[in-house]
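This report concerns only the one structure given below.
The values are calculated or read from the model by the stated rules, or taken from the named source; none is laboratory data. Remember, predicted model here, so these are calculated numbers, not experimental data. Glycine gets a Cβ as well: all are built from the backbone with ideal geometry, and neighbour counts include every protein chain shown. All accessible areas refer to the heavy atoms of the entire protein, side chains included, with ligands and DNA or RNA removed. Shrake-Rupley method; radii C 1.70, N 1.55, O 1.52, S 1.80 Å.
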Amino acid sequence: MAEEFRDACRRIDEDEQAGLVVVTGAGDCFSVGRQSPERGAGTGQDEPPTEQLRARLSRLRVADALANLTIPTLVALNGDAIGHGLELALAGDLRIAAAPARFGLAEPGRSSFPWDGGTQRLPRLIGPAWALDLALTGRLVDAATALRLGLVNRVAPAAQLSEETARLAQTILAGGPVAARYAKEAVGQGMDLSLAQGLRLEADLSIILQSTADRAEGIASFREKRPPRFGGS
Amino acid sequence: MSAYATLLFEKGDGVAQISLNRPHALNAYNIQMRDDFAEALAAVAEDGEIGALLITGQGRAFCAGADLSEFGAAPSQVIARQVRWQRDVWGQLNNLTKPVVTAVHGYCIGSGLEIALLSDLRLAAADTVFAMPEVHLGMIPAAGGSQTLPRNRNAAAALDLLLTGRRIGAEEALELGLITRITPRSELLGAAWDLALNLVNQSGAPAGLATNGRIGPAIKSALRGGLDLTLPEGLELERRLALINL
């Protein structure tokens, strides 16, 4: 599944028509990521077990493939996202959760070290105290708590999740596609910079956008009090 | 009293108040306001009698965003970039060492919200509507919004507002950390002045002296500076500032 997921992300990246991605799960659960890669015994011959584990982990990782997409990404959490499932969800831009869904970084009663970005993305999203609680104790939080913590952006009744997700997607797709990608870049890259550096990045990106037809259309539509028709250039 | 076409400027008791004053245009930020704001901020930075700045808006709204009728005409990118850094009004506001209180009401949209996010204490009237609509106009924020929004909550909350352009009320703005206080509309200005006066008096010095409000700027540089540092570097910054300011 990891390989297929990365391949899908590659194809989305190459598809110039794709303006937004929704990641969701079939059935009652988003993903509980039970397939935690155990350290193998190792053959002890050509490569040490650590190298084998490193290779196995990189085959299983999917979060970066999602995080590296330049278009907006929504994660519709139709059910529990635990362990690797949560790590994948953390790599999306916005998360919308079904009310019964629960979230945790570790499976209760099993100590496991996150290996797909969880130790880095979770504290950046919800702060270190809550991230450590989830990572160290295997605690599960419900959707309402996740909303309060900033782990998810929206909660919807389970029966309305896909409808709410589609509505959110339509709202985002009504914006300028180049501007949306640049906004994502400014926020994502800017968080790793000092504020002063981030302000310069934003200024440069906003000035590059001044040459786009979309910006001219956005301003014209505002003046003419009509919805804009963005062409994506 | 005011020397500016688009701002009201006054000072008293160690506090300067800049009030956006294009009420017929919901205080939409235009080129004249940029130039006035740059001059007023420079005056605030230089004036030893001023210990804190209060930013407000005249009329029905704090600020409805940039005036697109003026900023719409884009010169070449090279010139736009040159102009951006010749008049770096947002850098001036961000780098002001004196604490800044911003009180918003009515509409706090686009650059209006960005002004608030560049300031230190932010309070809103209960009726305030906030939004970051740039992406839906084919743009991105240009007064720091893409940087200040995620630093107040997280990247997901910032992208939620940026990508949807949706409007939120004061309660949600409070939950997202965009503001820290909500007051009834009629009490906003009084509450904002109380906060600003409290800032300049907290060193215990009498108002109007050049030494007053020493602690506010020190706390501001410790917190803001520290956010760009590693923890050990930040602790060292705090130790240095404590030696000077205790």
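A few notes on this one:
- All positions within segment A:207-222 that are facing chain B (nearest Cβ under 7 Å) and without any contact (Cβ under 8 Å) to a residue 12 or more places away in the chain: A:207, A:210, A:211, A:219, A:222
- The single condition among (1) surrounded by fewer than 17 Cβ atoms within 10 Å (Cβ to Cβ); (2) within 14 Å of chain B (Cβ to nearest Cβ); (3) over 21 Å from residue A:184 (Cα atoms) that residue A:70 does not satisfy is (3).
- Conditions (1) touching a residue at least 60 places away in the same chain (Cβ under 8 Å); (2) buried (at least 16 other Cβ atoms within 10 Å of the Cβ); number of the one not met by residue B:97: (2)
- Restricting attention to segment A:138-157 and to residues that are assigned to a helix (DSSP H, G or I) and open to solvent by 60 Å² or more (accessible area, probe 1.4 Å), the residue that is farthest from residue A:79 (Cα to Cα) turns out to be A:148.
- Unique residue being over 22 Å from residue A:162 (Cα atoms), in a helix (DSSP H, G or I), touching a Pro at 6+ places or on another chain (Cβ under 7 Å) and within 14 Å of another protein chain (Cβ to nearest Cβ) when the list is A:131, A:135: A:131
- For segment B:1-31, the set of residues classified as of a type in the set (Val, Ile, Thr) and part of a loop (DSSP other than H, G, I, E, B) consists of B:6 only.
- Among the residues of segment B:32-61, those identified as open to solvent by less than 30 Å² (accessible area, probe 1.4 Å) and not in a strand (DSSP E or B) are B:33, B:36, B:37, B:38, B:40, B:41, B:44, B:50, B:51, B:61.
- Taking the listed residues A:211, A:221, A:206, the one that is among the polar types (S, T, N, Q) and not in a helix (DSSP H, G or I) is A:211, with no other qualifying.
- Where residue B:29 falls short, out of the listed (1) of a type in the set (Ser, Thr, Tyr); (2) touching a residue at least 60 places away in the same chain (Cβ under 8 Å); (3) open to solvent by 30 Å² or more (accessible area, probe 1.4 Å): (3)
- Screening residue B:76 on (1) surrounded by fewer than 23 Cβ atoms within 10 Å (Cβ to Cβ); (2) touching a Pro at 6+ places or on another chain (Cβ under 7 Å) shows it passes everything except condition (2).
- Here residue A:195 meets each of (1) surrounded by fewer than 23 Cβ atoms within 10 Å (Cβ to Cβ); (2) touching a residue at least 40 places away in the same chain (Cβ under 8 Å); (3) at the interface with chain B (Cβ under 7 Å from one of its Cβ atoms); (4) closer than 18 Å to residue B:149 by Cβ with one exception, condition (2).
- Considering segment A:78-97, the residues that are touching a helix residue (DSSP H, G or I) at 6+ places or on another chain (Cβ under 6 Å) and among the aliphatic types (A, V, I, L, M) include one that is nearest to the other protein chains (Cβ to nearest Cβ), namely A:94.
- Residue count for segment B:192-227 under the criterion of being assigned to a helix (DSSP H, G or I) and either modelled with pLDDT under 50 or open to solvent by 60 Å² or more (accessible area, probe 1.4 Å) (or both): the result is 7.
- Verdict on residue A:200 being within 10 Å of chain B (Cβ to nearest Cβ), touching a Pro at 6+ places or on another chain (Cβ under 9 Å), open to solvent by 50 Å² or more (accessible area, probe 1.4 Å) and in a helix (DSSP H, G or I): no
- Residue count for segment B:100-158 satisfying the condition of being at the interface with chain A (Cβ under 10 Å from one of its Cβ atoms), aliphatic (A, V, I, L, M) and assigned to a helix (DSSP H, G or I): 7.
- Restricting segment B:127-150 to residues that are over 15 Å from the mean Cα position of the chain (by Cα) and farther than 22 Å from residue A:232 by Cα, the residue that is surrounded by the fewest Cβ atoms within 10 Å (Cβ to Cβ) is B:127.
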